[in-house]
1. Checking residue 141 against (1) exposed (fewer than 15 other Cβ atoms within 10 Å of the Cβ); (2) closer than 27 Å to residue 266 by Cβ; (3) touching a strand residue (DSSP E or B) at 6+ places or on another chain (Cβ under 9 Å); (4) not basic (Lys, Arg), only one condition comes out false. Which one?
2. Scan segment 73-117 residue by residue and report those that are buried (at least 21 other Cβ atoms within 10 Å of the Cβ), within 14 Å of the chain's Cα centre (by Cα) and not in a helix (DSSP H, G or I).
3. Based on what the data block shows, is residue 201 under 15 Å from residue 148 (Cα atoms), outside any loop (DSSP other than H, G, I, E, B), without any contact (Cβ under 8 Å) to a residue 24 or more places away in the chain and among the polar types (S, T, N, Q)?
4. Looking at (1) out of contact with any helix residue (DSSP H, G or I) (no Cβ under 6 Å at 6 or more places or on another chain); (2) among the aliphatic types (A, V, I, L, M); (3) more than 21 Å from residue 64 (Cβ to Cβ), find the lone condition where residue 221 falls short.
5. What number of residues within segment 165-191 satisfy the criterion of being touching a Phe, Trp or Tyr at 6+ places or on another chain (Cβ under 7 Å) and either touching a residue at least 40 places away in the same chain (Cβ under 8 Å) or polar (S, T, N, Q) (or both)?
6. Strands (runs of 3 or more DSSP E) wholly in segment 2-67 with at least 1 residues that are touching a Leu at 6+ places or on another chain (Cβ under 6 Å) and of a type in the set (Val, Ile, Thr) - which ones?
7. State yes or no: is residue 206 surrounded by fewer than 18 Cβ atoms within 10 Å (Cβ to Cβ) and free of Cβ contacts under 8 Å to residues at least 40 places away in the same chain?
8. Among 163, 157, 167, which is buried (at least 20 other Cβ atoms within 10 Å of the Cβ), farther than 17 Å from residue 97 by Cα and at pLDDT 95 or above?
Amino acid sequence: MPFITVGTENSAPIDLYYEDHGSGQPVVLIHGFPFNGATWEKETRALLEAGYRTITYDRRGYGNSAQPAFGYDYNTFAADLDVLMTELDLRDVTLVGHSMGTGEVIRYLGNYGSQRVSRAVVLSPLQPMLAKADDNPEGVDRKLFKGFQDAIIKDRFAYLTSFCDAFFNPDQNMGKRVSEEAYRAHWQIGAMASGKATHDSVNAWQEDFRPDLPKIDIPVLIVQGDQDRVLPYPVTGQRLGPMMPTGTLMTLKGAPHGIPWTHADEVNKAIMDFMKQPAKARA
């Protein structure tokens, strides 16, 4: 199993598990909460068949990566991604993030620039700022995040069930766009995560990405379902589109949060159509 070391905790290395398949232009897929790279299987298959080099990795605290007791903030997550990009010497990359993974995409571009990246795709985004503040009245009340953390502490596995319900909208999609088996598989993947990572990552969701947005000088595709029950569309994607001069918003009518699984065909087509378009000049 391939790993890249991004730091240390006491005497132990902090290693990220990654998979690197195929050849051609590289695409890096960054998973959502509380899952890992395995949830990209529908996108990985399509991208490999289309001739792209396809790279997934498990965020620190998740999947097969190390589970340290610290580092669950987006500056650290972006630094981890930078180590991966540098160690693999990736260039002309398309970065694709889903949900929590959109934070790595935006913060990486904000902190490290676009020298290695030609395009970015954010699916079901966190941005521009999820938490309510005096200068962000459209956001979500911070008490909700405290409630999530209390539920994780009380019974993380029961919380995972409620999260998967919000992720898939099973009342609308079960037996149609998601099977009971796929629902259970996602729950199991989420159960692999560190309890500390699951809890602490909720703090990261509340970070302000607005200062990162003006620094982005490459084309960005934003894709979100208007029935997203995890990251409400009016608070996130609908606001983000007009705030990004290089961004294009694509709305999936009736789609839930978990579009890499429920709407994989639409997502794959959108990503690959976007990658075929001529790159715009950098600012």
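The values are calculated or read from the model by the stated rules, or taken from the named source; none is laboratory data. Computed from a predicted structure; not experimentally measured. In this analysis, Cβ positions are derived from the backbone assuming ideal geometry, glycine residues included, and neighbour counts consider all displayed protein chains.
1. (2)
2. 94, 95, 96, 97, 98, 99, 100
3. Criteria not met by residue 201.
4. (1)
5. 6
6. Passing ranges, in order: 3-9, 26-30, 53-57.
7. no
8. Checking each option against the conditions leaves just 163.
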